[in-house]
Amino acid sequence: MKKFIENRRTKVIKIDPDNIDWKHLQEAGQAIREGELVAFPTETVYGLGADALNKEAVLKIFMAKKRPFLDPLIVHVGNMAEANCLVDVFPADAKKLGELFWPGPLTMVLKKSKIIPDIVTSKLDTVAIRIPNHKVALALIQEAQRPIAAPSANIFSYTSPTRAQHVLSDLKDRVDIVLDSGETKIGVESTVLDVTVKPFKILRLGGATWESLREVIPDIIIGSDHAIIKKSPGMLKKHYSPKAKLILVEDKGEEMVKRIQMLAQLYKSEGKQVGILSCQGNSEKYSGFLVKILGEAEDLESCARHLYSHLRALDNEKCDIIISENFSDRGLGRAIMDRLRKASG
Ligand code: TXA
Ligand code: MG
């Protein structure tokens, strides 16, 4: 198997979501049916896909990503009826969420049906399911005629890929086909919601905000760290990390700016290459340092979209230390802050 993973050559195919070349999608769909790996864009991040009903194919995902087997995968489907086929019970409130949020950045953890191989779910009795909101992902599922198991298409514990180039830098020649449709829109992963418990519990903050979910089901809660590790064993504390050491400064306003300036100077004086993640408004206060701007502080969509690509860019610039501002802890900001906290360990 090891040899097989390393001997493949990756074929990169550019796909315009608004003008899909179906010949290429058929080829990718067939690759999935034949047990190969296809990386594809979703609205959140790129996924590394395989036939969810083929355990040998799913095994290749774990090998390619160097992912521990205790970390279960999300299964991507094209519509509600397909989701229904993969689960044992679909609670009425969960169906309601599905109808309102799918296709979209919401993953629901449900009691699984027996047709899903154990390797997909790390032997749990639940399965995580979502319908992605991306024309190319949906076209791939349709052409494959299979549910597609797909984690983010990065090496385990590194930052998720928001461009095909990121997939290639992690997984070149470890995946058969990469469908390249440019930058993903949301930039952070889907929200993972456990709907097998009452009240429903968020296991991972992501593209679907807590606020928007609570407009539909008011008592949804965010799981505690302890509850999350128990329920979702792969969600280790240090995750989504760049290679550089990441420091998240949690002070506010001018205190935050001063602390970042002080830390940046300190590390620079030790001969370290320092990168700073900043909002637009503060960027000029860090002149003399390598600064990446995520967006206006209030524009959380922009900040989320640029987070992973800027972390990767700072790694590519050989930063030893990345110092990050903190962002508003509401809406999409919660997912941004969750990733920054996990990346900083
Ligand atoms: O946006 C996304 O969710 C992307 C795109 C490709 O869909 N996928 C993604 O997959 O981020 P991954 O494998 O990197 O993260 C999925 C998380 C895992 O950390 C896992 O712990 C959790 O979902 N998960 C999967 N199945 C689960 C289950 N049965 N119970 C609890 N947690 C589960
Ligand atoms: Mg991941």
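Residues to consider are 175, 257, 195; find the one that is assigned by TED's automatic domain parsing to the domain that holds residue 285 and among the aliphatic types (A, V, I, L, M).
Only one candidate passes the filter, namely 257.
Given (1) surrounded by 15 or more Cβ atoms within 10 Å (Cβ to Cβ); (2) at pLDDT below 95, identify the lone condition not met by residue 69.
(1)
Run residue 57 past the list (1) within 13 Å of ligand 1 (Cβ to nearest atom); (2) assigned to a helix (DSSP H, G or I) and report the number of the one that doesn't hold.
(1)
If residue 216 meets every condition in (1) within 21 Å of the chain's Cα centre (by Cα); (2) touching a residue at least 60 places away in the same chain (Cβ under 8 Å) apart from one, which number is that one?
(1)
Within segment 147-174, how many residues are out of contact with any helix residue (DSSP H, G or I) (no Cβ under 6 Å at 6 or more places or on another chain) and not in a helix (DSSP H, G or I)?
9
Can you name every residue in segment 97-155 that is touching a Ser or Thr at 6+ places or on another chain (Cβ under 7 Å), of a type in the set (S, T, N, Q) and within 16 Å of ligand 2 (Cβ to nearest atom)?
Across segment 97-155, the qualifying residues are 107, 152, 154.
Among the residues in segment 200-221, are any within 16 Å of ligand 1 (Cβ to nearest atom), surrounded by fewer than 16 Cβ atoms within 10 Å (Cβ to Cβ), farther than 25 Å from residue 66 by Cα and not hydroxyl-bearing (Ser, Thr, Tyr)?
yes
I'd like to verify a number: residues in segment 173-211 that are more than 16 Å from ligand 2 (Cβ to nearest atom), modelled with pLDDT of 95 or more and out of contact with any strand residue (DSSP E or B) (no Cβ under 7 Å at 6 or more places or on another chain), how many?
8
Out of curiosity, is residue 304 in contact (Cβ under 8 Å) with a residue 12 or more places away in the chain and either over 30 Å from residue 222 (Cα atoms) or in the same structural domain as residue 190 (by TED's automatic domain parsing) (or both)?
Details: in contact (Cβ under 8 Å) with a residue 12 or more places away in the chain: yes; either over 30 Å from residue 222 (Cα atoms) or in the same structural domain as residue 190 (by TED's automatic domain parsing) (or both): no.
Judged against the criteria, residue 304 is not a match.
The values are calculated or read from the model by the stated rules, or taken from the named source; none is laboratory data. The structure presented is a predicted model; accordingly, all values stated were derived computationally and were not measured. Quick reminder, even Gly has a Cβ in these numbers, built from the backbone with ideal geometry, and neighbours come from all protein chains shown.
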